[in-house]
Amino acid sequence: STSVRDRVEQLRTTITDHNHHYYVLDDPQVPDAEYDRLFRELQAREAEYPELATTTSPTQRVGSAVETNFAQVIHRIPMLSLDNAFSADELRDFDRRVRERLNRGKTAGESSTKEHSTEDHSTEGEGSKEERTIEYVCEPKLDGLAVSLHYQNGELVRAATRGDGYTGEDITANIRTIASVPLTLRGGDFPQTVEVRGEVYMPRAGFDRLNQRLGGRGEKTFVNPRNAAAGSLRQKKSSVTARRPLEMCAYSVAVSDESALPPTHWKGLQQVSEWGFRINPEMSLANGADQCLEAYEALMAKRDRLPYEIDGIVFKVNRLDLQQQLGFVSRAPRWAIAQKFPAEEELTV
Ligand SMILES: Cc1ccc2cc(C(N)=O)cc(O)c2n1
């Protein structure tokens, strides 16, 4: 009857919203008991009315004990790895190459479109082009596993590992069990096809608890959170993945209709956050290489206090039109670079 259908719809919307606040915003709206009651009511009504079943219901995350093999997925846009800078000088070289390449590309007198925005704008240097300062987005480089998520009409339809950058494994069933991955995009204005890429990782606390659980059962433990995340994502039974403390942070977005995206990477990530993804709160903007190096030092100083492991910082040219002009070298984008921290002293086991 419509009243049951309406109630089920209302429960799905409410529970999805509570999930977003709890898992993505770390800001629960209701006590756990209230959430559990709603969740159990939805499960009961869906069991009573199987014709109402849909894969986008929040009850459909828990995964199944059925073993799945991982089909191959070809990445429409290769998931390239990042070039590395191992010193401040190498970062300065990167910034200089970016400026020189952009200047070469500019013909004399070409007017530069200014983006009059509040929080981010890349200043076109006055006078000769050499002084132009490039605005970068600075992001912590999470030590996890890169994944690509595809949404059609706002619904998660496929998730894949990076693999070798060109083909990955279909891990949709396992990705669906991660609470900070939205099964449906929030809000209403998103393009028909959206691809969000990000890093799946295991926070330190969850990693320690998992190893205690595995060790307590005499099972093999994981060496580090990155291996634990990789191993958990490649479980053949998604019901096992569902019990692993995995989280995801989005770091890039591609859409079918480019005009739907804002003109900078920073604003693109804000958009992705509105669609329901977690983005990393340590992200910042920097003008030029000196401010990037300040961000590098600041992030390295707080590295051990973060609740997850990072192995460096990623700098990306903020304006997408400049990223477009810079393109990629065979392996890695010309518009981005990661600067790695010195390896952490061996974990004291
Ligand atoms: C383009 C690209 C490739 C790999 C990345 C990896 C991370 C990461 N490990 O957090 C962050 C990024 O912004 C990335 N961006």
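The values are calculated or read from the model by the stated rules, or taken from the named source; none is laboratory data. Computed from a prediction, not measured in an experiment: that's the story for all the values here. Virtual Cβ from ideal backbone geometry, glycine too; neighbours counted across all protein chains shown. SASA here: full protein model, heavy atoms, side chains in, ligands and nucleic acids out. Shrake-Rupley method; radii C 1.70, N 1.55, O 1.52, S 1.80 Å.
Run through the DSSP bridge list for the chain and note the antiparallel percent, rounded to the nearest 5.
Numbers: 44 of 46 bridges.
If I count the DSSP bridges inside the chain, around 95 percent turn out antiparallel.
Across segment 64-76, coupling constants 3J(HN,Hα) worked out from phi with the 6.51/-1.76/1.60 Karplus curve, θ = phi - 60°, read 10, 7, 5, 6, 10, 8, 9, 5, 7, 10, 9, 6, 4 Hz, and Gly and Pro carry x. Our coupling estimate for segment 165-181, obtained by passing each phi through the Karplus curve with A = 6.51, B = -1.76, C = 1.60 and θ = phi - 60°, is x, 10, 10, x, 9, 6, 10, 4, 4, 6, 5, 5, 7, 8, 5, 7, 9 Hz, Gly and Pro reported as x. Each peptide among 204-217, 312-325 gets the average number of other Cβ atoms lying within 10 Å of its residues, and from highest to lowest they stand as 312-325, 204-217. Heavy-atom accessible surface of residue 167, to the nearest 10 Å², is about 40 Å², with a 1.4 Å probe and all protein chains retained. Derived scalar couplings between HN and Hα for segment 148-154 equal 10, 10, 10, 10, 10, 6, x Hz in order, rounded to whole Hz, by the Karplus curve 6.51 cos²θ - 1.76 cosθ + 1.60 (θ = phi - 60°), x for Gly and Pro. Fully extending the segment from residue 214 to residue 26, taken as 0.36 nm per residue of separation minus the present Cα-Cα distance, adds 65.0 nm. Among 267/316; 237/340; 141/267; 141/237; 220/340, which pairs are too far apart, with a Cα-Cα distance over 24 Å? Exceeds cut-off: 237/340; 141/237; 220/340. Accessible surface area normalised per residue over the chain is 50 Å², counting heavy atoms of protein chains with a 1.4 Å rolling probe. Subtracting the Cα-Cα distance of residue 33 and residue 131 from their residue separation scaled by 0.36 nm leaves 29.4 nm. Sorting the segments 191-201, 135-145, 286-296, 253-263 by their mean number of nearby beta carbons within 10 angstrom, highest to lowest, gives 135-145, 191-201, 286-296, 253-263. Each stretch of four or more DSSP H residues adds -39500 (n - 2.57); spread over every residue of the chain, this sum gives -10000 deg cm²/dmol at 222 nm.
Applying a 10 Å radius around every beta-carbon, put 169-175, 49-55 in order of their mean neighbour count, most first. If you can, show how the numbers build up before the last one.
On the way: 169-175: 22.0, 49-55: 11.0.
Averaged packing, sorted descending, gives the order 169-175, 49-55.
A convex hull fitted around the alpha carbon atoms of segment 274-349 yields 157 Å³ per residue.
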